[in-house]
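S.K.: Structure provided below as structure tokens; questions to follow.
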Amino acid sequence: MKTKNKLLTLLILSSSAITSTAFINNLIKIKAIKENTTEDLKSYCYPWRLGNIHYTKSGSGKPILLIHDLNASSSIYEWSQLIPLLSKSYTVYAIDLLGCGKSEKVNTTYTNYLYVQLISDFIKSEIGHRVNIIATGESASVSIMACSNNSDLFDQIMLVNPLSLAEYCKMPGKRARLYKKIIELPIIGTLLYNIAANKSFIEEEMKKSYFYNPYSIKPYIINSYYKSAHLGFSPKSMYASQKCNYTKCNIINAIKKINNSIYLVGGGEIEDISTRLNEYKIYNPAVEISLIPETKYLPQLENPGLLNDIIRTYFC
């Protein structure tokens, strides 16, 4: 009888803990999506086969497609300071990748090939002809692989702070696959994601890696990234795939193969950035490199004017 009472007590406590955790998860989500952010550009929807894709379009002239970093908190907002400058000379498309921003966040495994297909289909359907492309960080590999698969869709390519070539080669290991399964758990996994995507962590990461000048990090920037990380049905799915290297791909052969012009832009204050970018020239000597001083990972937010000048110089 005592054993049965203990089991019953344990069951009640466990059920209570699960209910409390689920309540906390819902509360975090509700609070995050209520954050005030600036949204000035008109939004469009591209009904892709795996979910609706949110994008913006502004300006007139030769088309440029902007692709934000492949990160659970990233979105079109990354380009918000640059778009008004570029739209004076170009037709500017900016896309929220599947699993990011306002695009659908389906419960699936996100891979590099999935994003390659999305970008290729988007260009064919919504733009309709060759396009210049600018991509940040891990999304650089998506742009390179998409161009390698179908170069007719692309003209010139600019990569902002791409990862090292060795970083792109990482594959999911046993620990990564286990971590992904844990994150995919309905309640505990969601709680772990909420901890990883909390506002204080986002702010800390911005101060450490994203911005050279911490005074450039305004509250509305942090709010936008925090909100983006919690919008949608399953934001943790993209997070788990990206953290566990499912979105990475060896791009060395593609770099060798591509005949399109490739420009690399780096934040001048990132440690060893010159060494990282010059690795690309080993496999494609035609690659051109430019550094933006007093910036780190997001020069498009920290010094959009100088990045705009570089784009206008390269994208003649």
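S.K.: Select from the range 37-127 those trypsin sites (Lys or Arg not before Pro) which occupy a DSSP coil region and have at most 16 other Cβ atoms within 10 Å, ordered by residue number.
M.R.: Here the sparse-neighbourhood loop sites are Lys42, Arg49, Lys88.
S.K.: Ok, one more. Suppose R0 equals 22 Å; then what is the FRET efficiency for Arg175 and Phe201 from their Cβ-Cβ distance, rounded to the nearest 0.05?
M.R.: FRET efficiency, Arg175 to Phe201: 0.55.
S.K.: Considering Cα pairs under 8 angstrom that are at least six residues apart, work out the relative contact order of the range 95-220 and quote it in whole percent.
M.R.: Relative contact order comes out at 15 percent.
S.K.: Tell me the carbon and sulfur percent of the accessible area for the chain, rounded to whole percent, probe radius 1.4 Å. Provide the component values of the computation, followed by the final result.
M.R.: Numbers: 8240 of 14860 Å².
With neighbouring chains kept in place, the figure for the chain is 55 percent.
S.K.: If you don't mind, another one. How high is the FRET efficiency from His129 to Ser43, r the C-beta distance, R0 25 Å, rounded to 0.05?
M.R.: Plugging the Cβ-Cβ distance into 1/(1 + (r/R0)^6) gives 0.65.
S.K.: Oh, and also: Among 91-99, 254-262, how do they line up by average Cβ neighbours within 10 Å per residue, starting with the highest?
M.R.: Numbers: 91-99: 25.1, 254-262: 17.0.
Descending packing order for the listed peptides: 91-99, 254-262.
S.K.: Let me ask something else about it. Roughly how many Å² is the accessible area per residue of the chain, as a whole number, for a 1.4 Å probe?
M.R.: 47
S.K.: Between [x] 16.5; [y] 18.8; [z] 17.5, which matches mean projected area of the Cα convex hull in nm² calculated for the structure shown?
M.R.: Matching the structure shown: [z].
S.K.: Residues of the range 269-302 with amide nitrogen under 12 Å from the 7 Å Cα-to-Cβ point of Thr313?
M.R.: Of the residues in the range 269-302, 289-293 have backbone N under 12 Å from the label point off Thr313.
S.K.: As I understand it, the value is the acute angle between the Cα axis of helix 174-183 and the longest principal axis of the Cα atoms of the chain; what does it come to in degrees, rounded to 10?
M.R.: That helix lies at roughly 70 degrees to the long axis.
S.K.: Another question about this same structure. Rounded, prolate or oblate, given the Cα gyration tensor of the range 167-228, with a/c below 1.5 counting as rounded? Before the final figure, lay out each step's value.
M.R.: Details: a/c = 3.55, a/b = 1.61, b/c = 2.21.
Oblate is the answer for the range 167-228, as a/c is 1.5 or above yet b/c matches or exceeds a/b.
S.K.: Have a look at Ile221, Cys316, Gly232 and report the one farthest towards the positive end of the charge dipole of the chain, computed about the Cα centre with Cβ charges (Lys/Arg +1, Asp/Glu -1).
M.R.: Of the candidates, Gly232 comes out farthest on the positive side.
S.K.: Moving to a separate point now. Between Lys256 and Ser290, what FRET efficiency comes out of the Förster formula 1/(1 + (r/R0)^6) with R0 = 25 Å and r the beta carbon distance, rounded to 0.05?
M.R.: 0.70
S.K.: Could you give the size of the charge dipole of the chain about its Cα centre, using +1 on the Cβ of each K and R and -1 on the Cβ of each D and E, expressed in debye and rounded to the nearest 20?
M.R.: 1440
S.K.: Expressed as a rounded percentage, what relative contact order does the range 194-271 have, with Cα pairs under 8 Å and six or more residues apart?
M.R.: Reported as a whole number, the value is 26 percent.
S.K.: Next question. Using DSSP, restrict attention to beta bridges with both residues in the chain and report what percent are antiparallel, rounded to the nearest 5.
M.R.: Numbers: 11 of 35 bridges.
Antiparallel: roughly 30 percent of the beta bridges in the chain.
S.K.: Hey, what D do you get for the range 145-300 in µm²/s if you plug the Kirkwood alpha-carbon radius into Stokes-Einstein at 25 °C and 0.890 mPa s?
M.R.: For these conditions, the coefficient is 139 µm²/s.
S.K.: What per residue convex hull volume, in Å³, comes out for the range 62-130 when only alpha-carbon positions are used?
M.R.: Residue-normalised Cα hull volume stands at 86 Å³.
S.K.: Moving to a separate point now. So how far, in whole Å, is the C-alpha centre of the range 74-136 from the one of the range 166-226?
M.R.: 20
S.K.: A further question on this structure: With the cut-off at 32 Å, tell me which of the pairs Lys62/Lys102; Lys57/Lys207; Lys42/Lys218; Lys105/Lys281; Lys88/Lys248; Lys105/Lys207 have Cα atoms farther apart than that.
M.R.: Working: Lys62/Lys102 26 Å; Lys57/Lys207 30 Å; Lys42/Lys218 23 Å; Lys105/Lys281 36 Å; Lys88/Lys248 34 Å; Lys105/Lys207 27 Å.
Too far apart for the 32 Å limit: Lys105/Lys281; Lys88/Lys248.
S.K.: Let me ask something additional. For the range 125-227, just say rounded, prolate or oblate: build the C-alpha gyration tensor, square-root its eigenvalues into a ≥ b ≥ c, call rounded for a/c under 1.5, and beyond that prolate if a/b exceeds b/c, oblate if not.
M.R.: Oblate, since a/c reaches 1.5 and b/c is not below a/b.
S.K.: Something else now. Calculate how steeply helix 304-314 sits against the longest principal axis of the alpha-carbon atoms of the chain, using the helix alpha-carbon long axis, and give the answer as 0 to 90 degrees to the nearest 10.
M.R.: 50
S.K.: Still on this model: Defining a contact as two alpha carbons under 8 Å apart and six or more residues distant in sequence, what relative contact order in percent does the chain show?
M.R.: 22
S.K.: Which residues in the range 278-316 place their backbone N less than 14 Å from a point set 7 Å from the Cα of Ser209 along the Cα-to-Cβ direction?
M.R.: 296-298
S.K.: Further question on the same structure: Note the full-extension length gain between Thr275 and Leu50 as 0.36 nm times their separation in residues minus their Cα-Cα distance, in nm to one decimal.
M.R.: This chain segment gains 77.2 nm when fully extended.
The values are calculated or read from the model by the stated rules, or taken from the named source; none is laboratory data. Because the structure is a prediction, the values reported are computed rather than measured. For neighbour counting, all protein chains shown are included, and Cβ atoms are generated from backbone atoms with ideal geometry for every residue, glycine included. Just the protein is used for accessible areas: all its heavy atoms, side chains included, with ligands, DNA and RNA removed. Shrake-Rupley method; radii C 1.70, N 1.55, O 1.52, S 1.80 Å.
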